[in-house]
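Data first, discussion second: the structure below is written as structure tokens.
The values are calculated or read from the model by the stated rules, or taken from the named source; none is laboratory data. Treat the numbers as computed from the prediction; the structure is a model and nothing was measured. Ideal geometry is used to build each Cβ from the backbone, glycine not excepted, and the neighbour counts take in all protein chains shown.
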Amino acid sequence: MVSALDLSAIHTSYQEKDGRGQAAYAAEMMVRLLLYGYARGVYSSRKIQTRTFEDVAFRYLSGDQHTDHATIAEFRKRHLEALSGLFT
């Protein structure tokens, strides 16, 4: 389902680089984790992070990448408007 969504607003924000930090996680993967987490009643970024280690479905959706809870929370905060616009 995520591949059918228009994530251009999120991709555009990543093009505005400041030269610091590591490369960002794929927006598609982050959206998959958030959507699946919400669908399963997992809203906490810490719990989503934990599930990427313990739950096969989260592990599959994350491509066996284990994003830090702060990264998940920052992604959600940074792209809240774009995420809410995906389903309108």
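Looking for something under 17 Å from SER8 (Cα atoms) and buried (at least 17 other Cβ atoms within 10 Å of the Cβ) - is there at least one such residue anywhere in the stretch 63-75? Yes. Per the conditions (1) among the hydrophobic types (A, V, I, L, M, F, W, C); (2) modelled with pLDDT under 95; (3) surrounded by 15 or more Cβ atoms within 10 Å (Cβ to Cβ); (4) outside any helix (DSSP H, G or I), the sole criterion not satisfied by ALA23 is (3).
How many residues does the stretch 47-58 contain that are under 13 Å from the mean Cα position of the chain (by Cα) and either charged (D, E, K, R) or closer than 20 Å to LEU5 by Cβ (or both)?
The qualifying residues number 2.
Between ARG46, ARG32, ARG51, ARG59, the distinction of being modelled with pLDDT under 95, in contact with a helix residue (DSSP H, G or I) (Cβ under 7 Å, 6 or more places away or on another chain) and in a helix (DSSP H, G or I) belongs to ARG32 only. Taking the stretch 56-88 as the range and being of a type in the set (Gly, Ala, Ser) and without any contact (Cβ under 8 Å) to a residue 24 or more places away in the chain as the test, the residues that pass are ALA57, SER84.
Taking the stretch 62-88, which residues are of a type in the set (A, V, I, L, M) and in a helix (DSSP H, G or I)? Within the stretch 62-88, ALA70, ILE72, ALA73, LEU80, ALA82, LEU83 meet the criteria.
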